[in-house]
Every structure is written in structure tokens, then in C-alpha cells.
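Take a look at the structure below.
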Amino acid sequence: MTGLKGFLSHAIVGGVAAVAASVVTYAAVIGRTNVLAPSAARAQAVGQRTTDVVIQAMPDLGREMRIRLTERDPGNGSPPHRHPGHHTFGYVLEGTYEVKVGDGPLRQLKAGEAFYEPPGALHAVSRNPSPDKVLRYLVIQVTDPSKPTIVPE
């Protein structure tokens, strides 16, 4: 992306990621470890741990904000999927995240880099390519709670 559109896209992703990182840091500083407890309502995939940081209804918009911390073991990945009705932002905290969204290129993101998935886009690749390092990243979603969270391809 170039020009104003690219700048605004990166500024929005960076701003959302900074807020999410601040929430995680604040929870740790004030000792609210229960804020980072894994959700009992969601099964954990082998080699992947997902922790709900914030889930907040936004009734005036008919949406919900979800911020989750995801950790993937070396070599772990998920099959292709979609998030219908969900704007999904990601921010890499540690490690390398290999990601391919829609018709975009296969990317290897490092700590401090971000990505965006529009609603319903194919998330064709989502994996930790490292043979020996854990990947940690934030997933920030503005969701339509009437739609499924994930739909496998």
C-alpha cells in the first residue's frame, strides 16, 4: 500500500495493536492474572494456546471486541479458514508468524509487525515456521456475534 490509504491502514493496525498490548501489560502490572486465564468455553488445539484478554460487547454497534493472546509451538499451524463478519487484526509479540490472507503474498512477520484480515477473507496460511521457538501474537477482532468465529475451508 502506498500513499494516504497505506499510511492510515498501518496507523489503524498499529494503534489497535498498541492498545491491545497496553491491556496485556496493564493486566500483568496490576496482578490481574485471571484476566489472562484461558477461556474454558473454547477447546485448545494441540500445540496452540489461546487466552482471552478482553471480550467486550459493543451493543450500540451490534459488535463485540475480542483481544486474545495466541501462542504456537514450533512448527504448529492451523488449516485454512475464514472469520465471517469479523475484522481481524494481528500483532506479533515474539517469534515469526507465517501468514497468507486472501490473494496477498505469503508473509513472515517478526515481533512488532501486524496483519489484517477483512471479514470472510481466506486465511490460507497461519503457522509458526520456527523449528525451535514459540510464537506469541495478539489477535484483535471486531466481531459480528451473530456469525461463527471460525469456518474451516
Practice prompt. Mind pulling the per residue volume of the convex hull built on the Cα atoms of segment 86-153? Å³ is fine.
Written response: 87
Worksheet item: In vacuo Debye scattering of segment 39-121, one point per C-alpha: log10 I(q)/I(0) at q = 0.10, 0.13, 0.18 Å⁻¹?
Response: -0.28, -0.48, -0.94
Worksheet item: Counting only the backbone N, which residues of segment 63-80 are under 17 Å from the spot 7 Å out from the Cα of Val54 toward its beta-carbon?
Response: 63-70
Practice prompt. Work out from phi, with θ = phi - 60° and the Karplus expression 6.51 cos²θ - 1.76 cosθ + 1.60, the ³J(HN,Hα) of each residue of segment 112-125, listed in order in whole Hz, and give x for Gly and Pro.
Written response: x, 9, 9, 9, 9, 10, x, x, x, 5, 6, 9, 6, 10
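Quick note: the coordinates plus some simple rules give every number you see, no bench work behind them. Just so we're clear, the structure is a prediction, and the values are computed from it rather than from any experiment. All Cβ positions, even for glycine, are placed from backbone atoms using ideal geometry, and neighbour counts span all protein chains on display.
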